[in-house]
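Engineer: First, the structure itself, so that you have it in front of you.
The values are calculated or read from the model by the stated rules, or taken from the named source; none is laboratory data. What you see is a predicted model; the values in this text were computed from it and never measured. Methodologically, a virtual Cβ is constructed for each residue, glycine included, from the backbone with ideal geometry; neighbour enumeration extends over all protein chains shown.
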Amino acid sequence: MANTTFTGPVTSLNGFIGGPNVNSGDTQQGGSTAFAVTNASTVTSSAGVLSAVGNEGAMIYVSNGNSGAAIYAFSDGTTWKRVNDAADISTTS
């Protein structure tokens with residue numbers, strides 16, 4: 001794999017780190033910011049609020065998005081979807 005440097009919200013370090021603006025400066029694989037569910041289209045962290053709108057394709061770690069359990073989620077451009085079943089993230093089923 002080639003080493004390439006991008007500008008903007010994606011950082012490449014021998015591969016891509018999937019994280020929108022809030023994680024853009026992270027050097028850990030996948031970012032180190034844990035998000036919590038606000039609603040299906042918005043998550044929050046100590047770094048701020050992140051909307052699914054405008055971040056299509058972004059992947060994040062959500063500490064309580066799978067019925068209260070941790071899970072990775074991706075944005076479809078409208079809502080954050082759980083990676084295991086593509087359902088909207090939620091603190092309840």
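Engineer: Tell me the residue from Ser45, Ser24, Ser41, Ser32 that is at pLDDT 85 or above, of a type in the set (Ser, Thr, Tyr) and surrounded by 11 or more Cβ atoms within 10 Å (Cβ to Cβ), please.
Structural biologist: Of Ser45, Ser24, Ser41, Ser32, the one residue that is at pLDDT 85 or above, of a type in the set (Ser, Thr, Tyr) and surrounded by 11 or more Cβ atoms within 10 Å (Cβ to Cβ) is Ser41.
Engineer: For residues in the stretch 45-80 being in contact (Cβ under 8 Å) with a residue 12 or more places away in the chain and of a type in the set (Val, Ile, Thr), which is nearest to Phe35 (Cα to Cα)?
Structural biologist: So, considering only residues that are in contact (Cβ under 8 Å) with a residue 12 or more places away in the chain and of a type in the set (Val, Ile, Thr), the one nearest to Phe35 (Cα to Cα) is Val62.
Engineer: Shifting gears a bit: Working only within the stretch 53-82, note down all residues that are among the small types (Gly, Ala, Ser) and either surrounded by fewer than 19 Cβ atoms within 10 Å (Cβ to Cβ) or in a loop (DSSP other than H, G, I, E, B) (or both).
Structural biologist: Selection gives Gly54, Gly57, Ala58, Ser63, Ser67, Gly68, Ala69, Ala70, Gly77.
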